[in-house]
Amino acid sequence: PAEPLIAKDRFCYEVAARDLLGNYGSKSNIEVCGIPDRKPPAVPKQLQATRPYDAVTQLETCEMSWKKNTDDTARYRVYRYQGPNAPRGSCAVEALSWVATVDQPGGAGRVVFTDSQAALAVAQPYYYAVRAEDDAGFDTEPTNRSGFSGWVPCTPRDRQAPQASAIDIQCPCSNPSQ
């Protein structure tokens with residue numbers, strides 16, 4: 001094509017042989033050539049964690065929010081890691097749990113995901129990270145994924161009051177003067 005190649009564009013090609021006199025022979029079948037998108041979307045930024053209260057379970061949950069990407073991001077993958085510290089190195093990354101896929105919302109602003117799974121243990125530290133994905137443009141091409149966002153901690157708390165307890169204290173009277 002005369003114009004520059006642009007990712008996700010398709011071009012159709014047909015080949016015909018020409019002899020020395022300039023006569024064209026029979027044409028080939030039309031072939032479609034697609035230009036795949038190999039550029040990953042931007043890494044999600046401004047990841048924040050809050051602990052909203054769930055009135056049904058009477059526990060806190062972990063809610064993540066991050067700034068919405070403005071590129072060709074189609075969805076986000078949310079990852080969770082349970083441990084005393086944020087994951088470091090490739091061994092820790094292999095221990096990550098993929099929690100959910102969140103579609104790119106319309107409009108501007110932030111993307112929100114609430115991890116209200118029953119598996120969250122109260123007072124246990126969790127760390128969350130997000131990766132952005134796009135569609136490469138063709139069914140035969142894999143998706144492009146960004147790197148991991150920064151890790152943010154979230155430790156859900158139990159906000160249910162403990163049961164009332166009664167204490168029975170008996171003091172023996174032992175006064176030597178009586």
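Observations
- Scope the range 18-36; condition in a strand (DSSP E or B) and at pLDDT 85 or above; matching residues: Arg18, Tyr24, Gly25, Ser26, Lys27
- Unmet requirement for Phe148, which otherwise passes all of (1) over 10 Å from the mean Cα position of the chain (by Cα); (2) open to solvent by 60 Å² or more (accessible area, probe 1.4 Å); (3) modelled with pLDDT of 90 or more: (1)
Matching residues to (1) more than 17 Å from Val130 (Cβ to Cβ); (2) touching a helix residue (DSSP H, G or I) at 6+ places or on another chain (Cβ under 7 Å); (3) buried (at least 19 other Cβ atoms within 10 Å of the Cβ); (4) among the polar types (S, T, N, Q):
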{"position": "Ser28", "(1), (2), (3), (4)": "yes, no, no, yes"}
{"position": "Ile35", "(1), (2), (3), (4)": "yes, no, no, no"}
{"position": "Lys39", "(1), (2), (3), (4)": "yes, no, no, no"}
{"position": "Pro52", "(1), (2), (3), (4)": "yes, no, no, no"}
{"position": "Glu60", "(1), (2), (3), (4)": "yes, no, yes, no"}
{"position": "Thr70", "(1), (2), (3), (4)": "no, no, no, yes"}
{"position": "Arg75", "(1), (2), (3), (4)": "no, no, no, no"}
{"position": "Gly83", "(1), (2), (3), (4)": "yes, no, no, no"}
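The values are calculated or read from the model by the stated rules, or taken from the named source; none is laboratory data. Predicted model, so just to flag it, every value in this text is computed and none were measured. Reconstructed Cβ throughout: ideal geometry from the backbone, glycine too, with neighbour counts over all protein chains shown. With ligands, DNA and RNA removed, areas are computed over all heavy atoms of the protein, side chains included. Shrake-Rupley method; radii C 1.70, N 1.55, O 1.52, S 1.80 Å.
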